[in-house]
Amino acid sequence: MSAKRTLHDGWTVTAGAGSPVEVDDVEAAVPGCVHTDLMAAGLIGDPYVDDAERELSWIGRTDWTYRTVFDHSGEPWDGIDLVFDGLDTVARVSLNGEVVAETANMHRRYRFDVRSLVREGANELEVAFTSPYGYAEAQRDRLGSRPNAYDPEPGNFIRKAACNFGWDWGPNLASAGIWRPVRLEQWNIARIDEVVPRVSVADGRGIVDLAVRIDKAVATDVELVCEINGRETAVRLTAESDSADVRLEVDEPELWWPRGHGGQPLYPVSVKVRALGVELDSWEREIGFRTVELDTEPDEHGRPYTIKVNGEPIWIKGVNWIPDDVFLARVDADRCERRLLQAAEANVNCVRVWGGGVYESDDFYDACDRLGLLVKQDFLFACAAYPEEEPFWSEVEAEARDNLVRLAPHPSLVTWTGNNENIWGWHDWGWQPRLEGRSWGEGYYLDLLPKLVSEVDGTRPYWPGSPWSGDRELHPNDQVNASVHIWDVWNDLDYTHYRNWRPRFVAEFGYQAPPTWATVRRMVTDEPLEPESANMLWHQKAIDGQAKLQRGLDSHLPPAEEFDDWHYYTQVNQARALRLGIEYFRSLQPHCTGAIMWQLNDCWPVTSWAAIDGEERLKPLWYALRDVFADRIATFQPEGDGLKLVAVNDSAEPWDDVIGFWKCSAEGRILGRALLKLDIGPREAATVDLTEDVLPADGEFLVTGRDDIPRATWFTKEDKDMDWPKARWTAETEVVDGGVAVTVTAETVLRDLCLFADRLDPDARVDKALLTLIPGETATFTVTSQKLRNAPDAAKALTTKPVLRAIND
């Protein structure tokens, strides 16, 4: 018998000394944070607009106190616990004037015994947060400075999301607050403290080994009743015992697979604790039966990095995930579902949860379980040297144990990784002389964390870092060994240099572009709007970001005559960069076993590497990902002075078919045709050299002619050098259910045709983008928008610049 009640009502927040704004008992939301509370009270503006962020740095340097009052009845309970699922970050918790505990870790749950402090009637609960800057800077002063990619920010001296202190895509809005649920749990005799389900499959049986630990208030015998798929197993715990290992089995279970490889059946598992015939507490989750391996056994080329599920190698079509909002409590279950569904609809099969953010909510992993999205989970260390001295060693151990337990049920979670870029940083970023022998995190990545993953989880592979080559003697970002990050492209080199790499597995690579038009107009109010206008630059956090964007435009595209051109060209260039990189990496299979692009999402409106911007809108890159991550693709790839066509079949069925392509003049006249017979096995690729006898030497570009796979193209010149005719087309609109259909017929070549309906309706959605058409071809864009469906003047606006664009317009 137990009772659980959330404590989310009646909270207020008060600022500590030195606040430039008077904040005294202001209404507060829990879960939530200081920034959103101050916005709701009208005390600060939206930090996502213009440079409002600049004026809010004081919030992260101020102490904050949250208070509420809750009523409690005098009903007797053996145990009364105050439970916080997330406190951000350095907090002193008091109940009725008595200090309950002090915390210093955003990334773990806390449970406090308050039975002796709770009183009948009104109870005063207070959570006093120390400024994150004050705490972190004091720890840095005590332990000695450590390198950080964002010096002088002190994010490596506090167990808080590193990106709270700013990143090259995110604002510095270090906050405080009760960011996850808080509740009072009351129980008698015994409660379930933790359950770790260790799932395996052997000889046609699904096995769940449950490691169960209970908390007893009374030394008495209790019964554990464990159930899966209608089959119960009961275990008696004597008065002296508080833990048990229980095995459950299912005969011939349906296996859980990543999307594109099979279904995602989930099995409910429950554990109940009983005494004297009364149910005292229960635990319920869903699990999936699957095995997972990480094959890094050296071969003749180096060391692979191959994820296998149920014994089958999976070619990873991945995206990197950052927190979906700076203010984390705003990311609810529906928002997780929307974002991850967008990933799935782009043919993604894997999401890497990056180490500078947070261990995501159960809603996130639940959605990945349902959608068949594999999760590669980083432990939370990123781009900095981290102290290993106390209190950090103990905090990291507690945090890791807590999240290993919490996330164990999820079949989508397949790997744990020790850190993001920290081992690479130690090797290449000038850390060693600055450290002067001080600790930097190596003990976590190579000692503590692998031991904990083995001890607590025991079913998932661990890899010390991203990138990491598998051996301390090897450079951590060695492309022939395991996982790499490719950042010379973007930082220094044009995106065509992706083809200079021959990686085994790419865990990060990316290219920037501004967000969609509607998002730009919400994030900045600059007039006139220019790439270098003040607030556009404020929403560009990357070093020399605008210059790097311009370098890319200068290499590939004609000069932008106005902001609309610049905006369109940069978005197209981003999509082309990732398309080129991913097509190339896929053409290398099985030598290369995966590509995880940076990044799926944004946490605010910003110019960044994201495919989905901070207002949840799809950039052209998203449509390119949908194409290049399709099960079957054809791609033209240079080889020496020649050209080859690589056909990739990442499906379970053979690809026995004919593929045709044309060679065309710049005017779009077809100069030659070719047909190639394909006979490709499941999960395989085939290469055909395109010799001179296949196609005429004349002509400027190649296109494939099939509709059932994404169109492959090859151009002999960049757009800036191509003698394209000025784009001409005819367009017709038709009102359809939910919106408008726009049918475009090409009169000339149309290069990367896009329809930007968000310029007319910020809520509009379009079903396709980045189409290359030759004369006579048609394409229909379906625009989902009730506003445009009902607008009498929508037809003209939808079929002309700046809404309907082609590179050669």
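The values are calculated or read from the model by the stated rules, or taken from the named source; none is laboratory data. Quick caveat: nothing in here was measured; it's all calculated off a predicted structure. So basically every Cβ, Gly included, is an ideal-geometry build from the backbone, and we count neighbours across all protein chains shown. The accessibility values were calculated without ligands, DNA or RNA, using every heavy atom of the protein model including side chains. Shrake-Rupley method; radii C 1.70, N 1.55, O 1.52, S 1.80 Å.
Would you please name the residue that is least open to solvent (accessible area, probe 1.4 Å), looking only at residues in the range 108-147 that are in a loop (DSSP other than H, G, I, E, B) and among the β-branched types (Val, Ile, Thr)?
Filtering first and then ranking leaves 114.
Do you know which of the residues in the range 766-809 that are under 30 Å from the mean Cα position of the chain (by Cα) and over 30 Å from residue 714 (Cβ atoms) is surrounded by the fewest Cβ atoms within 10 Å (Cβ to Cβ)?
Looking at residues that are under 30 Å from the mean Cα position of the chain (by Cα) and over 30 Å from residue 714 (Cβ atoms), I get 784.
Take the residues in the range 247-264 that are closer than 19 Å to residue 203 by Cα and touching a Leu at 6+ places or on another chain (Cβ under 9 Å); name whichever of them is surrounded by the fewest Cβ atoms within 10 Å (Cβ to Cβ).
Going through the qualifying residues, I end up with 247.
Would you confirm, using the coordinates I've provided, whether residue 98 is under 40 Å from the mean Cα position of the chain (by Cα), without any contact (Cβ under 8 Å) to a residue 24 or more places away in the chain and open to solvent by 80 Å² or more (accessible area, probe 1.4 Å)?
Spelling it out, it is not the case that residue 98 is under 40 Å from the mean Cα position of the chain (by Cα), without any contact (Cβ under 8 Å) to a residue 24 or more places away in the chain and open to solvent by 80 Å² or more (accessible area, probe 1.4 Å).
Consider the range 148-183. How many of its residues are buried (at least 21 other Cβ atoms within 10 Å of the Cβ), out of contact with any helix residue (DSSP H, G or I) (no Cβ under 8 Å at 6 or more places or on another chain) and in a strand (DSSP E or B)?
So the count comes out to 2.
Can you give me the ranges of the strands (runs of 3 or more DSSP E) entirely in the range 194-259 with at least 3 residues that are under 21 Å from residue 413 (Cα atoms) and in contact (Cβ under 8 Å) with a residue 60 or more places away in the chain?
Fully inside the range 194-259 and qualifying: 205-216.
Which of the residues that make up the range 547-596 are among the polar types (S, T, N, Q) and without any contact (Cβ under 8 Å) to a residue 24 or more places away in the chain?
550
Can you go through 293, 284 and tell me which one is assigned to a strand (DSSP E or B) and either free of Cβ contacts under 8 Å to residues at least 24 places away in the same chain or buried (at least 18 other Cβ atoms within 10 Å of the Cβ) (or both)?
284
I need the full set of residues from the range 428-441 which are farther than 10 Å from residue 147 by Cα and open to solvent by less than 70 Å² (accessible area, probe 1.4 Å), in order please.
Result: 438, 439, 441.
Assess whether residue 659 counts as being of a type in the set (Val, Ile, Thr) and at pLDDT 95 or above.
Criteria not met by residue 659.
Considering only residues that are touching a residue at least 60 places away in the same chain (Cβ under 8 Å) and not in a strand (DSSP E or B), which ones fall in the range 76-95?
77, 78, 85, 86, 87, 89
For residue 451, which of the numbered conditions (1) among the charged types (D, E, K, R); (2) buried (at least 23 other Cβ atoms within 10 Å of the Cβ); (3) free of Cβ contacts under 8 Å to residues at least 24 places away in the same chain fails to hold?
Single failed check for residue 451: (2).
Mind telling me which of the residues 411, 464 ends up being over 28 Å from residue 88 (Cα atoms) and either open to solvent by less than 20 Å² (accessible area, probe 1.4 Å) or not small (Gly, Ala, Ser) (or both)?
After applying the criteria, what remains is 411.
If a residue must be more than 34 Å from the chain's Cα centre (by Cα) and either surrounded by 15 or more Cβ atoms within 10 Å (Cβ to Cβ) or hydrophobic (A, V, I, L, M, F, W, C) (or both), how many such residues does the range 184-213 contain?
Looking only at that region, the number is 6.
Of a type in the set (D, E, K, R) and under 26 Å from residue 504 (Cα atoms) - does that describe any residue in the range 313-330?
Taking every residue of the range 313-330 in turn, at least one turns out to be of a type in the set (D, E, K, R) and under 26 Å from residue 504 (Cα atoms).
Surrounded by fewer than 16 Cβ atoms within 10 Å (Cβ to Cβ) and within 28 Å of residue 710 (Cβ to Cβ): does that describe residue 544?
Judged against the criteria, residue 544 is not a match.
Only one residue in 758, 763 is touching a residue at least 12 places away in the same chain (Cβ under 8 Å) and not in a helix (DSSP H, G or I), so which one is that?
763
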